[in-house]
1. Sticking with the crude label model, points 7 Å out along Cα→Cβ, report the distance from residue B:104 to residue B:218 in nm, one decimal please.
2. Per residue of A:55-64, how many C-beta atoms from partner chains lie within 10 Å of its own C-beta, taken as a mean?
3. Need the full-extension length gain, residue A:35 to residue A:209, defined as separation in residues times 0.36 nm minus the C-alpha distance. One decimal, nm.
4. Which residues, if any, in the stretch B:115-129 lose at least 40 square angstrom of accessible heavy-atom surface (probe 1.4 Å) when the other protein chains sit next to their chain rather than the chain being alone?
5. Apply 1/(1 + (r/R0)^6) to the Cβ-Cβ distance of residue B:199 and residue A:279, taking R0 = 41 Å, and write down the FRET efficiency to the nearest 0.05.
6. Report the Cα centroid-to-centroid distance between the stretch A:102-180 and the stretch B:98-139 in angstrom, as an integer.
7. Comparing the chain by itself with all protein chains present, which residues of the stretch B:48-92 are at least 20 Å² less accessible (probe 1.4 Å)?
8. Under unit Cβ charges (Lys, Arg +1; Asp, Glu -1), what dipole magnitude, rounded to 20 debye, does the stretch A:57-288 have relative to its Cα centre?
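The values are calculated or read from the model by the stated rules, or taken from the named source; none is laboratory data. Here the structure is a predicted model, which means the values were calculated and not measured. Ideal geometry is used to build each Cβ from the backbone, glycine not excepted, and the neighbour counts take in all protein chains shown. In case anyone asks, the SASA skips ligands and DNA or RNA and just uses the protein heavy atoms, side chains included. Shrake-Rupley method; radii C 1.70, N 1.55, O 1.52, S 1.80 Å.
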Amino acid sequence: MRYIEQEKVVRRMNGRMIVNRIFQGLFMFATALALLALVILLYRIVSQGAGHLSLDFLINFASRFPAEAGIKAALVGSIWLMAVVAPTSMILGVGSAVYLEEYAKKGRITSFIQMNIANLAGVPSVVFGLLGLTIFVRTLALGNSVLAAGFTMSLLILPVIIVAAQEAIRSVPGELRDASYAMGATRWQTIVRIILPAAIAGILTGSILALSRAIGETAPLIVIGIPVIIQFLPAGVMDTFTALPMQIYDWSSRPQAEFQTVAAAGIIVLMVVLLFMNSVAVFIRNKFDKSY
Amino acid sequence: MNTATIKTKINVAKSIPTEQAVKESVYSTRQLNLWYGNNHALKNIDLEIEENEVTAIIGPSGCGKSTYLKTLNRMVELVPSVKTSGEIHYRGRNIFDANYGVEELRTRVGMVFQKPNPFPKSIYDNIAYGPRIHGIKNRKILDEIVEKSLRGAAIWDEVKDRLNENAYGISGGQQQRICIARTLAIEPDVILMDEPTSALDPISTLKIEELVQELKEQYSIIIVTHNMQQAARISDKTAFFLNGEVIEYDRTDTIFSNPADKRTEDYISGRFG
Ligand SMILES: Nc1ncnc2c1ncn2[C@@H]1O[C@H](COP(=O)(O)OP(=O)(O)O)[C@@H](O)[C@H]1O
Ligand SMILES: [Mg+2]
């Protein structure tokens with residue numbers, strides 16, 4: 001006897017198709033709504049700020065007069081910040097991930113650490129700012145320097161990088177490790193020659209996305225006392241600086257309407273930087289991604 | 001079956017007046033036991049494996065064939081819950097000795113896995129991997145090793161013009177021969193093979209079987225196989241494993257024509273497994 005009766009199937013087919021289409025529509029609507037919000041935002045920012053964008057805007061320092069206000073100090077400051085954050089967070093993050101995945105014995109302590117890393121990723125950035133203020137600015141007496149801010153931001157994105165790197169390392173098939181060990185390779189040789197090269201795409205993609213979060217963060221910088229208006233560029237990591245989101249925040253909180261235009265231009269610059277970083281991530285993913 | 005009987009069998013095999021008598025023992029396993037946690041996977045194994053022979057390990061799945069093979073190069077210890085007792089002497093030295101480094105053992109004992117597992121690198125870099133980790137940097141020497149190993153694995157002609165292409169771009173059968181070549185490149189003494197043809201088509205399987213026949217001139221080969229015809233075709237000795245024990249170990253023709261144990265006979269005639 002057959003359990004599935006052809007007639008009943010046919011009779012119910014219409015209903016199934018309708019439900020199918022309703023949900024397809026709902027999901028499309030949700031996507032469209034998100035896209036619409038994004039388009040409106042972009043349109044507002046670009047239409048408002050494009051007029052103020054010019055080479056002068058990029059090479060001028062901040063000013064009391066909206067027409068002369070430029071973003072040089074903040075742009076260069078953000079680049080300095082990244083120069084500290086990128087190596088610090090990636091070395092620590094990839095190192096921790098390699099330790100957790102390849103060396104640590106799977107046990108209670110490891111899973112406890114693991115759980116806490118995941119939780120750290122959800123801690124508000126202000127809290128990291130307070131941590132940085134206590135440890136780097138005060139205890140280690142780094143002041144409100146590029147270094148102090150860079151270390152603080154590194155801590156902030158460290159959990160994200162660790163988790164991304166762990167996932168990338170875990171997705172390297174075990175057979176490759178086996179093949180390497182079976183030829184007499186040490187653990188270190190296996191990590192450097194097999195595992196990291198196979199995981200590099202995932203590690204870099206995750207890291208760049210984390211870095212682009214760091215470049216847009218304001219709260220920790222405010223907490224550790226990074227100034228907004230600076231008329232010089234940092235000459236080294238011990239100098240103070242300002243960063244793009246700080247500058248934008250400052251402009252947008254000023255009473256004069258003209259500064260809103262300046263802020264919008266600043267946002268465009270920040271968005272271009274972010275887009276650039278994300279496309280580097282996409283490029284790396286496409287270029288190095290291997291299918292096993 | 002107890003150990004005394006196995007020993008007698010080996011003695012019987014040795015007393016056959018052939019070239020057998022001059023062959024040396026590469027591996028001698030004594031009272032080996034292995035546990036995965038509480039799972040007693042290998043029980044009182046005693047086996048003598050001889051030089052320049054193909055030794056086949058057969059038995060139903062889950063009987064401990066792979067586990068035994070991985071114990072011979074201590075790869076099994078990558079599983080954290082593993083505990084062992086007993087001794088395995090490789091060329092006279094107990095591989096479980098504290099001062100016997102696994103890396104050293106594994107440069108003498110190569111392994112080919114069930115599923116072809118080339119590295120996501122060029123064919124050249126796959127073969128050169130072993131020599132490189134053992135410190136060879138000279139490009140000319142590496143070139144020579146790569147060619148020699150690929151010839152040894154009977155795949156040189158097929159890949160010589162594409163050494164710089166990714167090893168993932170060739171067929172599964174070719175990949176498996178690349179893996180064999182990669183193992184030859186460390187100039188091993190013993191080659192362990194864990195069902196090397198089970199993921200391959202019949203033609204590739206045949207090629208690898210022929211290759212095994214050639215390789216035994218220079219290497220001692222221990223091959224796990226699920227396929228009894230394959231064991232009969234290519235091996236000199238066969239060990240029949242069941243539930244973690246060696247039931248019978250003898251010359252392959254004896255095992256297949258005149259097994260001593262009823263369980264061996266049942267397995268070989270396809271009554272279980
Ligand atoms: N990594 C492992 N962890 C725990 N138990 C295992 C592991 N590998 C194999 N075993 C167990 O050991 C026994 C023998 O397995 P295996 O050696 O793979 O058998 P075979 O290769 O003969 O099919 C089985 O009971 C299996 O469940
Ligand atoms: Mg197996």
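1. Rounded to a tenth, the inter-label distance reads 2.5 nm.
2. Mean number of neighbouring Cβ atoms from other chains: 0.
3. Length gained between residue A:35 and residue A:209: 60.6 nm.
4. Output list: B:117, B:119, B:120, B:129.
5. Here the calculated transfer efficiency is 0.55.
6. If we compute the Cα centre of each part, the gap is 33 Å.
7. B:75, B:78
8. Dipole magnitude for the stretch A:57-288 comes out near 440 debye.
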